[in-house]
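Let me begin by presenting the structure, written as structure tokens, before commenting on it.
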């Protein structure tokens, strides 16, 4: 099963819509609640990151019998130092985004804690692809 | 304990989501950082916060939070209220600040 969702820059009102849709599908497929919870946390954080930091992009989810692969592919600006961005507490979020309770530097660490495989590829000026894989059994 | 028992015992105002007052409560989480709630809140928790925008509902729904308590008489904006009604996830309000309502919730559900 393949799902695709568009992410629009700054569109916080729709943050979580991809996660909500994937959650419903996994529940219908009788995936264990503990695994669904991990998928949801990771995908929500990646969605919010793209909305808060990127010039829009796309979220894809591919569900196979043994795993789900989620990709958040944005159109830039890219992450200059991925290692720095992965550390808890580090954030480049704007003040208005922080006022909403985002931008605490917990997003990428939350993703890392909840997925089985995480690949972050980024080129400054081009874009970032966050690939997250969770084993379903 | 159900959300409606909490409403009654702590004199909370139901701002929206009255169709979810029968939801069961299991513990409580307090944070105004959405990623902290995403990472650490548990299913069935009460969530006490001062954040009132729509993303609060998105997080609460994804985490299967039992209900949200807004502190200090804060009101939610319209799309937050609408989502609370749609999902049957009660949005409650207290006049008390976080510290005081947290103490009352603790005494009620941990004893």
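Calculate for the protein assembly as shown the 222 nm mean residue ellipticity that helices alone would give, adding -39,500 (n - 2.57) per DSSP H run of length 4 or more and normalising by residue count, nearest 500 deg cm²/dmol.
Helix contribution divided over all residues of the protein assembly as shown: -11500 deg cm²/dmol.
Run the numbers on chain B and let me know its relative contact order in percent, using alpha-carbon pairs under 8 Å that are six or more apart.
Reported as a whole number, the value is 31 percent.
For peptide A:104-110, compute the average count of partner chain beta-carbon atoms within 10 Å of each residue's beta-carbon.
Other-chain Cβ atoms within 10 Å of each residue's Cβ, averaged: 4.
Within 10 Å of each Cβ of A:20-29, how many other protein chain Cβ atoms are there on average?
1
Calculate the mean, over all residues of peptide A:41-47, of how many other protein chain Cβ atoms lie within 10 angstrom of the residue's Cβ.
3
Checking a compactness column here: for chain B, what do you get for Rg(Cα) / (2.2 N^0.38 Å), N being the number of residues?
Here the Cα radius of gyration is 0.92 times the empirical estimate.
Quick one: if you stick a label point 7 Å off each Cα along the C-beta vector at residue B:77 and residue A:119, how many nm between them?
3.8
For residue A:137 and residue A:92, FRET efficiency with R0 = 41 Å and r from the beta-carbon atoms, rounded to 0.05?
Efficiency at R0 = 41 Å is approximately 0.65.
Going by average Cβ density within 10 Å per residue, which order do the peptides B:85-93, A:22-30 take, highest to lowest?
B:85-93, A:22-30
How high is the relative contact order of chain A? Use alpha-carbon pairs under 8 Å, at least six apart in sequence, and give a whole percent.
Normalised by residue count, the contact order of chain A is 28 percent.
With the crude spin-label approximation of a point 7 Å out along Cα→Cβ, what separation in nm comes out for residue A:30 versus residue A:83?
Those two pseudo-labels are separated by 4.7 nm.
Starting from the 7 Å offset along Cα-to-Cβ, what nm value, one decimal, do you get for the label separation of residue A:9 and residue B:110?
So the two model labels end up 4.6 nm from each other.
For the stretch B:77-111, list residues with backbone N below 13 Å from a point placed 7 Å from the Cα of residue B:11 toward its Cβ?
B:94-97, B:101
Using DSSP, restrict attention to beta bridges with both residues in chain B and report what percent are antiparallel, rounded to the nearest 5.
Around 30 percent of the beta bridges assigned by DSSP in chain B are antiparallel ones.
Using packing as a proxy for protection, rank A:117-130, B:54-67 so that the peptide with the highest average count of other Cβ atoms within 10 Å comes first.
Per-residue Cβ counts within 10 Å, averaged per peptide and sorted highest first, yield B:54-67, A:117-130.
With both bridge residues required to lie in the protein assembly as shown, what share of the DSSP beta bridges run antiparallel, to the nearest 5%?
75
Throughout, read-outs are computed from the coordinates displayed, never taken from laboratory work. Just so you know, these numbers come straight off a predicted model, no measurement behind them. All Cβ positions, glycine included, derive from the backbone under ideal geometry; neighbour counts span all protein chains shown.
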